[in-house]
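To start, the structure under review is shown below, and the notes come after it.
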Amino acid sequence: MTDGAELGGVVGNDGLLVVRCQLGEREAFRELVAVWHPPLWRYVRGMVGSPHLADDLAQEAWVAVVRGLPRLRQPERFAPWLFTIARRTVTDHLRQTYKAAETAMEEATTVVAEDELSGVLTTMQIEAGLAALPLLEREVLILFHLEDLPLASCAEVLGVPAGTVKSRLYRARRMLRDHLAGKGYEA
């Protein structure tokens, strides 16, 4: 597992990039987006299920980053700050969706031949399993396993103690394993 600064291939440069952005360097912001957009998009995509919606929400999150970056007091804490903004963006969207009584989640279904992959789960199968989990459990799995954030950073993003993250991880893994086993996949 890596620490948050290693995510996206940058080791310890996030703080420097953020300070350069705060000083008004446009190229630094381009670099920051180049490093952090893929993990941000994967997180949002995992939360909402739709790549098109993920594009829109990731863009909203970057707008919030641009607005808030000058006020970020701890540039080295950029990763948890970014994912907190993304979480708020997703939460706001889901709130609006539920208020309007619309269903924005798409069900991912796959047909797998008997001999295909011999028990290895495909990305689509994992995504379908994640989509079946409640939001809290899905979110902690995405942050910890897919975005490779350490427990402390997950706790910061989620606004809960590290012990709560551990219990959610345990519950989420069990729920995902049970769901996949119910679909006939070996877990």
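For an R0 of 41 angstrom, estimate the FRET efficiency from the Cβ-Cβ distance between Glu27 and Arg173 and round to the nearest 0.05.
Details: r = 41 Å, r/R0 = 1.00.
Approximately 0.50, to the nearest 0.05.
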Quick one: length gained pulling Gln59 to Lys166 fully straight, 0.36 nm per residue minus the C-alpha distance? 35.5 nm
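Estimate the FRET efficiency between Arg88 and Lys183 by the formula 1/(1 + (r/R0)^6), using the beta-carbon distance for r and 25 Å for R0, to the nearest 0.05.
0.20
If the chain between His37 and Leu146 were fully stretched, how many nm would it gain, using 0.36 nm times the residue separation less the Cα-Cα distance? Provide the component values of the computation, followed by the final result.
Working: separation 109, 0.36 × 109 = 39.24 nm, distance 1.41 nm.
Stretched out fully, the His37 to Leu146 stretch lengthens by 37.8 nm.
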Is the C-alpha gyration tensor of the range 121-180 telling us rounded, prolate or oblate? Criteria: a/c under 1.5 is rounded; beyond that, a/b larger than b/c is prolate, otherwise oblate. prolate
Hey, rough spin-label estimate for Val66 and Arg95, points 7 angstrom out along Cα→Cβ, what's it come to in nanometres? 2.3
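Going by accessible area, probe 1.4 Å, with all protein chains left in place, what is the ranking of Val157, Val66, largest first?
The most accessible residue leads, giving Val66, Val157.
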Electrostatic dipole magnitude of the range 12-95 [Cβ: Lys, Arg +1; Asp, Glu -1; Cα centre; debye, to 20]: 260
Diffing the range 51-58: the Karplus 3J(HN,Hα) column from phi (6.51, -1.76, 1.60, θ = phi - 60°), in whole Hz with x for Gly and Pro, holds x, 5, 5, 4, 4, 5, 5, 5
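The values are calculated or read from the model by the stated rules, or taken from the named source; none is laboratory data. This structure is a prediction, so every number in the text was calculated from the model and none was measured. Neighbour counts are summed over all protein chains in view; Cβ atoms, including those assigned to glycine, are modelled from backbone coordinates with ideal geometry. Each accessible area value is taken on the protein alone, full model and side chains, heavy atoms only, with ligands, DNA and RNA left out. Shrake-Rupley method; radii C 1.70, N 1.55, O 1.52, S 1.80 Å.
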